[in-house]
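As structure tokens, the structure follows; a few thoughts come after it.
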Amino acid sequence: MAKNIEELQQIIDDSSKIVFFGGAGVSTESGIPDFRSQDGLYSQKWKYPPETIISRSFFDADPKEFYRFYREKLIIKGVKPNAAHYKLAELEKAQKLLAIVTQNIDGLHQAAGSQKIYELHGSTLRNFCMNCGEPYDIDFIANSAAAPDSLPHCQKCGGLVKPDVVLYEEGLDDNVINGAVQAIAAADTLIIGGTSLVVYPAAGLINYFRGKKLILINKSETAADSKADLVIHDSIGKVFSQIKVN
């Protein structure tokens with residue numbers, strides 16, 4: 001491990017256009033469960049499979065059950081950024097990191113101080129009325145459990161408020177995708193961390209990388225391991241806590 005950390009440190013020192021592509025594993029150390037591990041959401045019992053509940057067709061057909069699940073499983077209060085989030089913000093401040101491309105919806109990169117973030121799957125922090133577009137914060141959704149019908153209704157027009165989260169069956173935002181592609185294509189080093197690279201089209205974005213060094217940091221093996229210049233099978237927070245920003 002020490003040799004791998006030393007090599008990672010050297011690559012970061014030699015890089016000036018780093019892009020970080022991250023997944024659920026970046027936030028698990030902050031106490032947010034991932035979706036596919038043994039303890040993740042997909043392994044827990046629920047009235048319907050989680051994949052079904054967080055789909056657009058289910059949201060439209062049964063918003064009450066959707067929000068019951070959403071409020072309990074996807075709105076997680078009291079979590080704080082971990083070593084990985086803070087190190088990435090530090091790299092950006094040192095002008096070594098171009099951007100973060102994340103599959104996470106928790107807003108922890110912003111909380112750590114990062115500025116240039118492409119949120120492929122949206123964010124639980126943003127919510128909008130589907131009728132008039134009025135914005136609402138995460139507390140509005142959380143508190144909607146007390147509403148007569150347990151649904152978040154717009155205070156201006158009465159329309160249903162929807163999280164700015166990309167549900168199954170919904171397409172990714174074109175502007176976010178284009179920005180992420182441009183950042184990855186411009187990178188001299190791409191660090192992939194905390195993702196199993198099985199969620200598409202997000203995982204396919206790494207194919208736009210044309211830079212010098214591809215680094216993969218994940219607890220388990222991924223399909224991209226063989227393509228990487230450096231592979232570290234460990235938690236992203238543990239690895240990044242040992243990196244110094246020069």
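The values are calculated or read from the model by the stated rules, or taken from the named source; none is laboratory data. This structure is a prediction, so every number in the text was calculated from the model and none was measured. Note that we place each Cβ from the backbone using ideal geometry, even for glycine, and neighbour counts take in every protein chain shown. With ligands, DNA and RNA removed, areas are computed over all heavy atoms of the protein, side chains included. Shrake-Rupley method; radii C 1.70, N 1.55, O 1.52, S 1.80 Å.
Before moving on, here are some points about what is shown:
- In degrees, nearest ten, helix 63-73 long axis to first principal axis of the chain (Cα): 40
- Per residue, the chain exposes 49 Å² of accessible surface when a 1.4 Å probe is rolled over the protein heavy atoms with every protein chain present.
- Dividing the summed -39500 (n - 2.57) terms of all DSSP H runs of n ≥ 4 by the residue count of the chain sets its mean residue ellipticity at 222 nm at -8000 deg cm²/dmol.
- In this rough spin-label picture, where each label sits 7 Å from Cα along the Cβ direction, the Ala145-Met130 distance is 2.2 nm.
- In the context of the full protein assembly, His85 retains an accessible surface of approximately 0 Å², using a probe radius of 1.4 Å and ignoring ligands and nucleic acids.
- Over the chain, the reciprocal of the mean inverse Cα-Cα separation, the Kirkwood hydrodynamic radius, stands at 18.9 Å.
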